[in-house]
2 protein chains.
Amino acid sequence: MKFELKTTDPGSKARAGKITTDHGEILTPIFMPVGTAGTVKGVHQRELKDDIHAQIILGNTYHLYLRPGLDIIQKAGGLHGFNGWDKPLLTDSGGYQVFSLKEMRKITEEGAKFSSHIDGSKHMFSPEYVMDIQRIIGADIIMAFDECTPYPCDYGYAENSMHMTHRWLKRCIKRFDETEPIYDHTQSLFPIVQGSVYPDLRKQSAEFIAEQNREGNAIGGLSVGEPAEDMYAMLEVVNDILPKEKPRYLMGVGTPENILEGIALGTDMFDCVMPTRNARNGMLFTTEGIINIRNKKWEDDFSPIDPNLDCYSSKFYTKAYLKHLIKCKEMLGSQIASVHNLAFYIWLVEQAREHILAGDFATWKPKAIKQFMTRL
Amino acid sequence: MKFELKTTDPGSKARAGKITTDHGEILTPIFMPVGTAGTVKGVHQRELKDDIHAQIILGNTYHLYLRPGLDIIQKAGGLHGFNGWDKPLLTDSGGYQVFSLKEMRKITEEGAKFSSHIDGSKHMFSPEYVMDIQRIIGADIIMAFDECTPYPCDYGYAENSMHMTHRWLKRCIKRFDETEPIYDHTQSLFPIVQGSVYPDLRKQSAEFIAEQNREGNAIGGLSVGEPAEDMYAMLEVVNDILPKEKPRYLMGVGTPENILEGIALGTDMFDCVMPTRNARNGMLFTTEGIINIRNKKWEDDFSPIDPNLDCYSSKFYTKAYLKHLIKCKEMLGSQIASVHNLAFYIWLVEQAREHILAGDFATWKPKAIKQFMTRL
């Protein structure tokens, strides 16, 4: 994996860059659609390419490990072979899902024991095993096993947890460096900064992560319920420390506003279930602002959902038709809204990139946030 | 609407023809995907055209009347304008859905009173009103308001019901002929033969229907639970009477076998929810036979679902991937299986047509039934 930093915006810390993987290039800043169980919910693979213009998608290690399971994925030639997506892939470590299981999991120094949410079967994720699993899934970018602290989180817990995440990281790195990719492409391991909303812990964690000198770095444990200002404050601390010449990935973020602010603070990669989850509930992000398609005002609006996007679902279907489908709980409603919202998110980061390259990102950003966050 | 009969198979009563409507041509025999509430469940409009190669789709009057309602549909310029499908459309009369409401409806000579399954609101469908509704929906082919008798049905009930259906038909024809299309295309009204499984009633009904001299004729009240042999026997009686120079539409049928037998008995048009409903449950119809994708044997079968179809979903996705999606109840599983099954059904009637044109339909049919009904 290679990262080229093309430009830094003169009025902010926003960067335009390019990541090159064995499965192709990723222009940054980038948003990565979430494909939990090997599928972006409601979206065909060719729609990801031709309508959404996705450059990289995510898979969730926890879900893929349980279903279809490692044996099937390995026989398929990894996740790329299994779901037919031939562009870059990133997998999370499974930690976030395991910790979300609450009373169904137990964390020790060794790792995390948990019961499957599907059949209650018992499993154990250790840092080493999570590396082995992600070797089998075969994503281009894989994540270290960390503990994502909840919010709020007291200082003592956050500090202990951060140190454990660091110790787990050393074990991840050791295992990763001792093993080889299973398939015919290289893999890169990204470590994850933790430290909750405590600036001194975030600083300490970012320094530790930076020292590991991996090909990219991630920031976890944010967008878990804390005020957006706290998230931005932590990003500022962390991005000042993480090396400029490597991509920075803010995990699980967020709204269009969060993403543009994250970019302004020097972040390059984002992922979030918001565009697809909200789509299924009828909330649309458009180039004109936010639409709740359930509102009566859209029932006889026969204009396209969003004519400004190069996306069949956004241009072909009308707001009135989509409102009808969502109201009737028709599958096609979730499909159209999901493809559209993802097309908007990718368009958003493409726009951000163009303004960074043009040198006017800092003046464009507040206007863009105002426009895209307006409720229509 | 125009119907040209091209060829009749020398070894059966199978026919190849062409229907011409203001929205384009329909080559017969044809299968029509069912788009209940203005959407074929899980299928994008462009997939209907480019992958499934559908030539005409159905809408359900009952569902569209309730949601989005006539006001919205009329403002949209009819169903074509509302859902963006610019090829031929057919709507049923709503009768079948209303009669399925059982204790929530009451049938009188005047029509059918019913309570909405959505909010319990009270409504009344009369033959005249159903014509008015279908004028507003604006399908190219619209259906008379009939009573679809259940199975089993005693002779007395079937006879009385048939006569009421005939009286209702006269009222439908009167209203239809006194009114004009609302939009810029013509509409054709098809009457429906009833008479349950009683040959003399079917004969009487077919004669009455034929006398009305409409542009096409339909056969209702079959595939409601009776043995397939009874259905074929009724078709034989009816198709001998319905005029050769007009298309014959067998409503709500059926399996690939039912369709090929129906074609052999001189039927030209079919519709059924089976391909999409069964798809959502993991039952696939393929050019090699029937697959229950939930079976363990498919979990590591990385061959395409059906490489013989000119359909992205059939060719791009593997059986193992589809099995995983259906098992996980992922929306994309229902989507892929629905598009695939419909592509198979359209391919099936296209194959039938080619064999009719080649004059070997009668010898091809038993082999085709054997192959397509084999459980793999």
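Given charges of +1 on the Cβ of Lys and Arg and -1 on the Cβ of Asp and Glu, with all other atoms neutral, how large is the dipole of chain A about its Cα centre, in debye to the nearest 20?
On the way: 43 positive and 49 negative charges, 184 e Å.
Roughly 880 debye for chain A.
Going by average Cβ density within 10 Å per residue, which order do the peptides A:50-58, B:4-12 take, highest to lowest? Intermediate results must be reported in sequence, preceding the final value.
Numbers: A:50-58: 22.4, B:4-12: 15.3.
The peptides rank, most packed first, as A:50-58, B:4-12.
What nm distances, shortest first, do you get from the label point of A:G225 to those in the other copies when the point sits 7 angstrom along Cα to Cβ?
Relative to the other copies, A:G225 has label-point distances of 5.3 nm.
If the cut-off is 22 Å between C-alpha atoms, which lysines fall inside it for B:K365, apart from same-chain ones fewer than 8 positions away?
Leaving aside lysines fewer than 8 places away in the same chain, those within reach of B:K365 are B:K6, B:K13, B:K18, B:K244.
Before rounding to the nearest 500, sum -39500 (n - 2.57) across all DSSP H runs of length at least 4 in chain A and divide by the residue total; then give [θ] at 222 nm in deg cm²/dmol. Kindly include the intermediate steps, with their values, before the conclusion.
Values: 15 runs with 161 residues, N = 376.
Mean residue ellipticity, 222 nm, calculated: -13000 deg cm²/dmol.
Just to be sure I understand the interface: list residues from region A:320-352 that lose 40 Å² or more of accessible area between the chain on its own and the complete protein assembly, 1.4 Å probe.
Buried by the other chains: A:Y321, A:H324, A:C328, A:E330, A:M331, A:L332, A:Q335.
Roughly how big is the B-A contact, given as buried accessible area in Å² (both sides, 1.4 Å probe, nearest 100)? Don't jump to the answer; show the numbers that get you there.
Numbers: alone 15310 and 15330 Å², together 26970 Å².
When B and A are taken together, about 3700 Å² of accessible area is lost.
If the only charges are +1 at each Lys and Arg Cβ and -1 at each Asp and Glu Cβ, what is the size of the charge dipole of region A:110-239 around the Cα centre, to the nearest 20 debye?
Working: 11 positive and 21 negative charges, 69 e Å.
The calculation lands at about 320 debye.
Not counting ligands, DNA or RNA, and with a 1.4 Å probe, what is B:Y151's accessible surface area in Å² rounded to the nearest 10?
B:Y151 has an accessible surface of roughly 90 Å² with all protein chains in place.
Please report the antiparallel percentage of the DSSP beta bridges confined to region B:2-279, to the nearest 5. Write out the running numbers ahead of the final one.
On the way: 18 of 38 bridges.
Rounded to the nearest five, the antiparallel share is 45 percent.
Give me D for region B:55-184 in µm² s⁻¹, whole number, from Stokes-Einstein with Rh from the Kirkwood sum over alpha-carbon pairs, 25 °C and 0.890 mPa s.
Values: Rh = 15.2 Å.
Rounded, D is 161 µm²/s.
Tell me whether region B:116-224 comes out rounded, prolate or oblate; compute the Cα gyration tensor, take square roots of the eigenvalues as a ≥ b ≥ c, and use a/c under 1.5 as the rounded threshold. Before the final figure, lay out each step's value.
Numbers: a/c = 2.21, a/b = 1.34, b/c = 1.65.
Note, shape of region B:116-224 comes out oblate.
In whole angstrom, note down how far apart the Cα centers of region B:134-149 and region A:199-222 are.
Taking the Cα centre of each part, region B:134-149 and region A:199-222 sit 66 Å apart.
Starting from the Kirkwood radius over alpha-carbon pairs of region B:2-279, derive D by Stokes-Einstein at 4 °C in a medium of 1.567 mPa s and give it in µm² s⁻¹.
69
Under a cut-off of 23 Å between alpha-carbon atoms, report the lysines in cross-link reach of A:K327, not counting same-chain residues fewer than 8 places apart.
Excluding near neighbours in sequence, the set is A:K41, A:K296, A:K297, A:K315, A:K319, B:K41, B:K75, B:K122, B:K329.
Taking a label point 7 Å from Cα toward Cβ, how far is A:K75 from its twins in the other copies, in nm, shortest first?
The projected label point of A:K75 is separated from its counterparts by 5.4 nm.
Can you give the accessible area of A:I305 in Å² (nearest 10), computed on protein heavy atoms with a 1.4 Å probe?
0
Give, as a single signed number, the net charge of other residues whose beta carbon lies under 12 Å from the beta carbon of B:Y62, with Lys and Arg counted +1 and Asp and Glu -1. Walk me through the numbers before you get to the answer.
On the way: positive: B:R67, B:R105; negative: B:D92.
Combined, the nearby Lys, Arg, Asp and Glu give +1.
Leaving out ligands, DNA and RNA, what percent of the accessible area of region A:2-279 is carbon and sulfur, probe 1.4 Å?
Details: 4900 of 9670 Å².
Heavy-atom surface of region A:2-279 belonging to carbon and sulfur, 1.4 Å probe: 51 percent.
Going toward the positive end of the dipole of chain B, with +1 on Lys and Arg Cβ and -1 on Asp and Glu Cβ, which of B:A37, B:S161, B:P191 do you reach last?
Of the listed residues, the answer is B:A37.
Nearest-5 percent of antiparallel DSSP beta bridges in the protein assembly as shown?
Working: 46 of 88 bridges.
If we restrict to bridges inside the protein assembly as shown, about 50 percent are antiparallel.
Excluding same-chain residues fewer than 8 positions from B:K367, which aspartates and glutamates have a Cα within less than 14 Å of its Cα?
The qualifying aspartates and glutamates are B:E257, B:E261, B:E288.
Are there any residues in region A:284-316 with a reduction of at least 30 Å² in accessible surface when going from the isolated chain to the assembly of protein chains? Probe 1.4 Å, please list them by number.
A:E299, A:D300, A:F302, A:Y312, A:F316
Could you give the dipole magnitude of region A:122-183 about its Cα centre, charging the beta-carbon of Lys and Arg +1 and that of Asp and Glu -1, in debye to the nearest 20? Kindly include the intermediate steps, with their values, before the conclusion.
Working: 7 positive and 10 negative charges, 35 e Å.
That gives region A:122-183 a dipole magnitude of about 160 debye.
Per residue, how much accessible area does region A:2-279 show when a 1.4 Å probe rolls over the protein heavy atoms, in square angstrom? Don't jump to the answer; show the numbers that get you there.
Values: 9670 Å² over 278 residues.
For region A:2-279, the solvent-accessible area averages 35 Å² per residue.
Specify which residue in the list A:A210, A:N308, A:M124 is farthest towards the positive end of the charge dipole of chain A, using unit charges on the beta carbon of Lys, Arg (+1) and Asp, Glu (-1), about the Cα centre.
Of the options given, the answer is A:N308.
Is any helix in chain B, taking whole DSSP H runs, at least 20 angstrom long along its axis by alpha carbon and on average at least 0.0 on the Kyte-Doolittle scale, and which ones?
Numbers: long enough: B:155-178 (34 Å, -1.16); B:331-358 (40 Å, 0.59).
Flagged H segments are B:331-358.
The values are calculated or read from the model by the stated rules, or taken from the named source; none is laboratory data. Treat the numbers as computed from the prediction; the structure is a model and nothing was measured. Glycine gets a Cβ as well: all are built from the backbone with ideal geometry, and neighbour counts include every protein chain shown. Each accessible area value is taken on the protein alone, full model and side chains, heavy atoms only, with ligands, DNA and RNA left out. Shrake-Rupley method; radii C 1.70, N 1.55, O 1.52, S 1.80 Å.
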